[in-house]
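Single-structure report; data block below.
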Amino acid sequence: MDRYAGPLTKYAMLITDDLEVARDVVQDTFIRLCDENPVRLDSHLAQWLFTVCRNRALDVQRKEQRMKPLSDVEMNSQASPEPSPAIQAERREAATEALGLMADLPKNQQEAIRLKFQNGLSYLEISKVMNLTVTNVGFLIHTAIKALRQQMQSKPDVAANRMRRTT
Amino acid sequence: MNINPDDPKLTAYALGELRGKEHEEIERQLEGSDQMRREVEEIANVGAQLSKEFAAEPLPELNYAAQLAVKAKLEPALSTTERASWWSFRFPIRVTPLGFLVILSIVAILAAMMLPALSRAKSKARRISTQDEQRTSMMAKLIGSDSDRNRTSDLNTEAYDHIEDNPFLSPAQNPLSTFSIDVDTASYSNVRRFLNEGRLPPKDAVRIEELINYFPYAYPQPTDEHPFSVTVEVAGCPWNAEHRVARLGLKGKEIAAEKRPPSNLVFLIDVSGSMMPDNKLPLIKRALRLLVEQLTEKDSVAIVVYAGNSGLVLPPTSGDQKQKILSALDRLEAGGSTNGGEGIGQAYATAMRNFIQGGVNRVLLCTDGDFNVGVTSQGELIRLIQDKAKGGVFLSVFGFGMGNYKDSTLEKLADKGNGNYGYIDTLNEARKVFVEQMNGTLITIAKDVKIQVEFNPNQVSAYRLIGYENRLLRKEDFNDDKKDAGEIGAGHTVTALYEIVPSGKAMNLPGVDPLKYQPNPQVPVGGHPSGELMTVKLRYKQPDGDSSQLVEFPIAASQTAYAQASGDFKFAAAVAAFGMVLRESPYKGTATFDAVAELGAEGRGSDASGYRTEFLKLVKEAKALKR
């Protein structure tokens, strides 16, 4: 649990945009885990946890939207809302690093990136968690990395920083 | 074939995701191109950089109390599986090209089904709904965070009168307490399941009002024109000698079995793969069998199932053709994935086609809560359910064998569908819901029942509603007939308890500064009868009505000691105290499991149904687990 609580919470925050809600989601995920047969999960644990966490986060998110239903017009006009305070703070903290740049990517790319590089899931596992095809996952990660590379190159300090770190 | 540097396959290769032929193909191409090799290196570098930064990223932790709660439950599970293998986990199956294609196509179909719902869900507009905020603060409080305790009793003119669950409130600042009734009992059966499995329930699974309402109480039958009677009893508070408890009891009119109106029932049954365990589909079959056995030729039953596909398994069939209904039930088998959205549409369509004017028209949804809404978003689903409820087809939701966490969805569905929500863990519970309280389950006698209590500051220095956290209404909602509230079924009892601090007893409310511009609220305005403790007001609608009726009773202050209280009063207080101890409520006072057992035993009475005896057994189990 110590190992997964943090990464799961970060992941859930991508969907809920709210730390406390994300914590609730993760707590629910673990409680649900208690009811699973551990032998059956065994090697699928990471995939299982992120899948349950994601579905739960989406449920909560949907519920929240139901409380204040939006008309379709409103929905479309709000396709790219202001980043939440949590995201903005995260950006300030890591403004010069790849993670800071990541906050500008579309949410589904961020999800895929987190699953892949924070949690070491394979494309196939990510496709199951996010309910996409493997090809879709490949495309999301590819596009995300491309965007990150371009941004890093356009900001010399980031590139320099990166060079220092990778050597 | 030459690969483009902008091909996702190159990224996949750089990240070590390609196998077999594709892998070889890229390798061959790389040999001939420096540009490609640089590309791959760059991609791998970004990946490494990301991994490194993620590893250094500060991570949020769960709240400490939540960690403990989860850990205690998780520890046994952990020991049986190997920790080390989790992290360095690769997908263990070698996927053959054919198998891979199959998986691809399945995933593609699923994705196509899910995408519209997903994109809707994800076009996020961050809005804090009052209810969610309430929930969050409730959670925060339950797991021991003090952060928003101080927001308690502002003179709050919008949203809810009080933001947190159940703080003590001063009648000078919040004279009105408004909530919707709740006849659900799911939380009690769920708590029972946890205790019977040898675990303490998570605190959030304990909804005290559902615990209290699980038990029938001997309230009188209504004798006037109203469909329910109201009983109020005030006596000493068992967990705080200085305080008092007011018990509000509603009793719905009983309807004799032979007077039950003709019923048009549609069973909507989840037969997805997850329903296979004994406490799910097999229990559903046995439970519904109990219900079918009581039906007569006036009634009709149809069965709709949903899984990957949904279908009408049994067209509307008269209640006297029991064999036909039962054998259709028996043939049901679990398998396939869930698409609840389509099934529910079909169930409602069936119910509408067979609509009985003046009768009971009801869809009974039986599921483990994995209610995958498929092509329909939950928002649309709720609108459908509300719409049909207006048209006279109500929804009842029965949860079977599920983990607790889906129950908020199910409760919400039933709530919107003018229905009730039960959790059926055993055949005994099925007997209670479908046989003993069948009429209550099927026949709604009043809908949108709301309670508003006004406390007299001359008599009360503070009050606290026990439970009903997610049923609180704004004081304005009481008179607003458009605001949905709970339903009461034939013979149902609904009980609510208030803990009251009598005037003159010191009560340190986290107060606000005296207000400058209000008529001085500290000096109660004279003129109202000072002997009254409070006034209880109820609003309800007839099941097919649109406008509400008001019932109002003043309640005199009493000096009844706890010892003189009725057995029902003692028992309800014991159940409330049990809930507070399970939730480790800051308001539990001197209550302990031992004290609960004692109170419960005093209030047990004759207990013909055996429910109260079972409760006392659960208290013992909880106490043993607490050590």
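The values are calculated or read from the model by the stated rules, or taken from the named source; none is laboratory data. Computed from a prediction, not measured in an experiment: that's the story for all the values here. For neighbour counting, all protein chains shown are included, and Cβ atoms are generated from backbone atoms with ideal geometry for every residue, glycine included.
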If you take the residues of the stretch B:1-20 that are in contact (Cβ under 8 Å) with a residue 24 or more places away in the chain and in a helix (DSSP H, G or I), which of them is nearest to A:Gly138 (Cα to Cα)? B:Thr11
If a residue has to be in contact with a helix residue (DSSP H, G or I) (Cβ under 9 Å, 6 or more places away or on another chain) and more than 19 Å from B:Ser558 (Cβ to Cβ) to count, how many in the stretch B:198-238 make the cut? 20
Given (1) within 27 Å of B:Val453 (Cα to Cα); (2) assigned to a helix (DSSP H, G or I); (3) more than 12 Å from the chain's Cα centre (by Cα), identify the lone condition not met by B:Ser177. (2)
Looking for whichever is farther than 21 Å from B:Leu427 by Cβ, without any contact (Cβ under 8 Å) to a residue 12 or more places away in the chain and in contact with a strand residue (DSSP E or B) (Cβ under 9 Å, 6 or more places away or on another chain) here; the options are B:Lys259, B:Lys324. Which one fits? B:Lys324
Picked from the stretch B:42-65 (must be touching a residue at least 12 places away in the same chain (Cβ under 8 Å) and more than 7 Å from chain A (Cβ to nearest Cβ)), the residue farthest from A:Ala98 (Cα to Cα) is B:Ala65
For residues in the stretch A:17-34 being over 10 Å from B:Pro60 (Cβ atoms) and more than 7 Å from chain B (Cβ to nearest Cβ), which is surrounded by the most Cβ atoms within 10 Å (Cβ to Cβ)? A:Val25
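Looking at the stretch B:549-569, which of its residues are assigned to a loop (DSSP other than H, G, I, E, B) and in contact (Cβ under 8 Å) with a residue 40 or more places away in the chain?
Just the residues of the stretch B:549-569 that are assigned to a loop (DSSP other than H, G, I, E, B), to begin with: B:557-561, B:565-566.
Selection gives B:Ala557, B:Ser558, B:Thr560, B:Ala561, B:Ala565, B:Ser566.
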If only one of B:Glu614, B:Glu598 is within 26 Å of the chain's Cα centre (by Cα) and assigned to a helix (DSSP H, G or I), which one is it? B:Glu614
Can you name the residue in the stretch A:115-132 that is surrounded by fewer than 21 Cβ atoms within 10 Å (Cβ to Cβ), more than 16 Å from A:Ile15 (Cβ to Cβ) and within 7 Å of chain B (Cβ to nearest Cβ) and is also nearest to the chain's Cα centre (by Cα) among such residues? A:Ser122
Might you check whether a residue that is of a type outside the set (D, E, K, R), at pLDDT below 65 and more than 21 Å from B:Ala12 (Cβ to Cβ) occurs anywhere in the stretch A:140-158? yes
Just one of (1) modelled with pLDDT of 90 or more; (2) crowded, with 19+ Cβ neighbours inside 10 Å; (3) touching an Asp or Glu at 6+ places or on another chain (Cβ under 7 Å) trips up B:Phe179, so point out which. (3)
